[in-house]
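Enquirer: Quick one: the structure is below, and I'll ask about it shortly.
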Amino acid sequence: MAPRRNWAGNVHYAARRFHEPASLDELRRLVADSDRLRVVGTGHSFNRLGDTTGDLVSLAALPGAVELDPDAATVTVPAATRYGDLATHLHERGYALANLASLPHISVAGAVATGTHGSGERLGSLAAAVAGLELVTGEGDLVTIDRESDPDTLSGAVVSLGALGVVTRVTLDVVPTFALRQYVRLGLSRAALDAALGSAYSVSVFTDWRTPALREVWLKQRAEDPPPEADWLGTTAADHPRHPVAGLSAEHCTPQLGAAGPWHERLPHFRLGFTPSSGEELQSEYLVPRTAAADVLAALDPVAHLIAPVLQVCELRTVAADRLWLSPSQGRDSLAVHFTWIADAARVRPVVAAVEERLAPFAPRPHWGKVFDVPPAAVAATYPRYADFRALAARLDPAGVFRTDLLDRYVPR
Ligand SMILES: Cc1cc2nc3c(=O)[nH]c(=O)nc-3n(C[C@H](O)[C@H](O)[C@H](O)COP(=O)(O)OP(=O)(O)OC[C@H]3O[C@@H](n4cnc5c(N)ncnc54)[C@H](O)[C@@H]3O)c2cc1C
């Protein structure tokens, strides 16, 4: 049954009705008969983007197969497929996705709708791997948008914020399967941040804003590449597995200490086998130009004393530029500055405001699925294709079936 609240428990869905259609026809009838409808993926977003006062729909019961097309190097999946399940399926057949987010439990359609990303200077967001979509529009029509026949519309439709229709199937690019090793290094100086971020296939830097130094670097590097030297960038090697939040058990984290393993058991920080039912946390994240990394950290220094008391961990990642109209990494190689806060919205909210004020000069783009309050005009100003997206939403959803308050504020009709 569709969930009544999000994973973090900070959003209780206001929907009057919950649905789990068992067929495409049933879904199309639901959309055609509804005046307000939103879809919930796995509910891992931290704001009300996925909420509605009307019909809330989960696609978990919609039938559909995973279809691998080796000639096109793509895989087509039902929208509600979790990345972790898809990854296992692909790896068993000799294929991989180029990148994954930190958690493998999120749904494909929900992740790409918000521009979810992993890390890697040469790796685009998860949304950038989308080669095609099938969706039910506001009038209940089933349409397909793909890269071959209409690349520009696809660029507008992938990071959709759920405003364009109910995505039923997603086609993703695949690559040959590969192996990685994960190393954790301790105590990175800020001066070495740029070098660290560019030093492996995927890199995450964790810190806590208690000191200017950066606490840990997680390197996810190709298995065939040599391990970091003993004094790599002035850091030391962790001698036991770590959790991103200092002091928590690493039991649920993917293997570290340089053990080689398949891509999908190293790229996410957390194991698929561990299923967190709820999380005692809130998250915010802002994408800024990659070249501004040092200046962004310096800009946040004056509010470090506000950040630290409500922070579980801060993570710095990189995302390669893409062409997707509302993607936070659209048109610019990005540094993603992520905050896992304590689960206390009243204490976190003023700190989010302080962070946003300090980041304002860097044209920050908030992660669409997390907690943010950047003025809508400032968000819109960072997206060159913003007006085109509004026009696309008006075309695919003329009656505004998929509208919701957060959309009305940030992408009004
Ligand atoms: C522990 C944790 C770790 C995370 N790690 C990362 C990370 O590494 N990188 C990152 O970028 N983000 C991360 N996130 C954020 C997360 O990836 C996004 O919030 C993502 O959108 C969640 O996917 P979901 O399936 O839960 O979507 P939901 O939260 O269920 O939905 C998100 C949006 O997509 C829409 N939607 C969902 N399915 C459909 C559909 N079929 N058709 C149309 N619209 C749809 C919903 O209406 C909603 O607006 C993390 C979140 C958590 C809780």
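The values are calculated or read from the model by the stated rules, or taken from the named source; none is laboratory data. In this text the structure is predicted, and so the values were computed from the model without any measurement. Here Cβ is always computed from backbone atoms with ideal geometry, including for glycine, and neighbour counts include all displayed protein chains. The accessibility values were calculated without ligands, DNA or RNA, using every heavy atom of the protein model including side chains. Shrake-Rupley method; radii C 1.70, N 1.55, O 1.52, S 1.80 Å.
Enquirer: Which one is farthest from the ligand (Cβ to nearest atom), of the residues in segment 366-413 that are closer than 26 Å to residue 332 by Cα and among the basic types (Lys, Arg)?
Expert: 385
Enquirer: Something else now. Every residue in segment 230-254 that is open to solvent by less than 40 Å² (accessible area, probe 1.4 Å) and more than 16 Å from the ligand (Cβ to nearest atom), please. Write out each step before concluding.
Expert: Taking segment 230-254 and keeping what is open to solvent by less than 40 Å² (accessible area, probe 1.4 Å), we get 232, 235, 238, 243-245, 250, 253-254.
Within segment 230-254, 232, 235, 238 meet the criteria.
Enquirer: Tell me, which residue of segment 63-88 that is more than 23 Å from the chain's Cα centre (by Cα) and on the phi < 0 side of the Ramachandran plot is nearest to the ligand (Cβ to nearest atom)?
Expert: Step by step, filter segment 63-88, then rank; the result is 63.
Enquirer: On to the next question. How many residues are open to solvent by less than 10 Å² (accessible area, probe 1.4 Å) and more than 9 Å from the ligand (Cβ to nearest atom) if we restrict to segment 105-125?
Expert: 1
Enquirer: With the requirement that a residue be among the polar types (S, T, N, Q) and under 17 Å from the mean Cα position of the chain (by Cα), what does segment 116-141 give you? Please lay out each step first, then the result.
Expert: In the first step, residues of segment 116-141 are kept if they are among the polar types (S, T, N, Q); the result is 116, 119, 125, 137.
Answer for segment 116-141, where residues must be among the polar types (S, T, N, Q) and under 17 Å from the mean Cα position of the chain (by Cα): 116, 119, 125.
Every residue, every condition in (1) over 23 Å from residue 340 (Cβ atoms); (2) among the aromatic types (Phe, Trp, Tyr); (3) open to solvent by 50 Å² or more (accessible area, probe 1.4 Å), yes or no:
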{"site": "198", "(1), (2), (3)": "yes, no, no"}
{"site": "214", "(1), (2), (3)": "no, no, no"}
{"site": "225", "(1), (2), (3)": "yes, no, yes"}
{"site": "281", "(1), (2), (3)": "no, no, no"}
{"site": "296", "(1), (2), (3)": "no, no, no"}
{"site": "299", "(1), (2), (3)": "no, no, no"}
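Enquirer: Under 17 Å from residue 203 (Cβ atoms) and in contact with a strand residue (DSSP E or B) (Cβ under 9 Å, 6 or more places away or on another chain): which single residue out of 323, 317, 347 fits that description?
Expert: Values: 323 fails: under 17 Å from residue 203 (Cβ atoms); 347 fails: under 17 Å from residue 203 (Cβ atoms).
Going through 323, 317, 347 in turn, the sole match is 317.
Enquirer: Please go through segment 300-323 and give me each residue that is within 19 Å of residue 193 (Cα to Cα) and among the β-branched types (Val, Ile, Thr), ordered by number. Spell out how you get there, then give the answer.
Expert: Taking segment 300-323 as the starting set, the residues that turn out to be within 19 Å of residue 193 (Cα to Cα) are 300-301, 304, 313-320.
Within segment 300-323, 313, 318, 319 qualify.
Enquirer: How many residues does segment 89-101 hold that are crowded, with 22+ Cβ neighbours inside 10 Å and either within 13 Å of the ligand (Cβ to nearest atom) or modelled with pLDDT under 95 (or both)?
Expert: The qualifying residues number 2.
Enquirer: Just to be sure before I move on: is residue 186 of a type in the set (A, V, I, L, M) and open to solvent by 20 Å² or more (accessible area, probe 1.4 Å) in the structure I sent? Before the answer, list the steps.
Expert: On the way: of a type in the set (A, V, I, L, M): yes; open to solvent by 20 Å² or more (accessible area, probe 1.4 Å): yes.
Answer is yes for this residue.
Enquirer: What single numbered condition from (1) farther than 23 Å from residue 290 by Cα; (2) open to solvent by less than 20 Å² (accessible area, probe 1.4 Å); (3) touching a Pro at 6+ places or on another chain (Cβ under 8 Å) fails to hold for residue 181?
Expert: The failed condition is (2).
Enquirer: Does any residue of segment 304-319 turn out to be within 15 Å of residue 284 (Cβ to Cβ), open to solvent by less than 50 Å² (accessible area, probe 1.4 Å) and part of a loop (DSSP other than H, G, I, E, B)?
Expert: Looking through segment 304-319, none of the residues is within 15 Å of residue 284 (Cβ to Cβ), open to solvent by less than 50 Å² (accessible area, probe 1.4 Å) and part of a loop (DSSP other than H, G, I, E, B).
Enquirer: Given the criteria near the ligand (Cβ under 8 Å from one of its atoms), closer than 19 Å to residue 20 by Cα, aliphatic (A, V, I, L, M) and touching a residue at least 12 places away in the same chain (Cβ under 8 Å), does residue 39 qualify?
Expert: On the way: near the ligand (Cβ under 8 Å from one of its atoms): yes; closer than 19 Å to residue 20 by Cα: yes; aliphatic (A, V, I, L, M): yes; touching a residue at least 12 places away in the same chain (Cβ under 8 Å): yes.
Criteria met by residue 39.
Enquirer: Do we find that residue 218 is on the phi > 0 side of the Ramachandran plot, aromatic (Phe, Trp, Tyr) and either surrounded by 16 or more Cβ atoms within 10 Å (Cβ to Cβ) or free of Cβ contacts under 8 Å to residues at least 40 places away in the same chain (or both) in this structure? Spell out how you get there, then give the answer.
Expert: Values: on the phi > 0 side of the Ramachandran plot: no; aromatic (Phe, Trp, Tyr): yes; either surrounded by 16 or more Cβ atoms within 10 Å (Cβ to Cβ) or free of Cβ contacts under 8 Å to residues at least 40 places away in the same chain (or both): yes.
Judged against the criteria, residue 218 is not a match.
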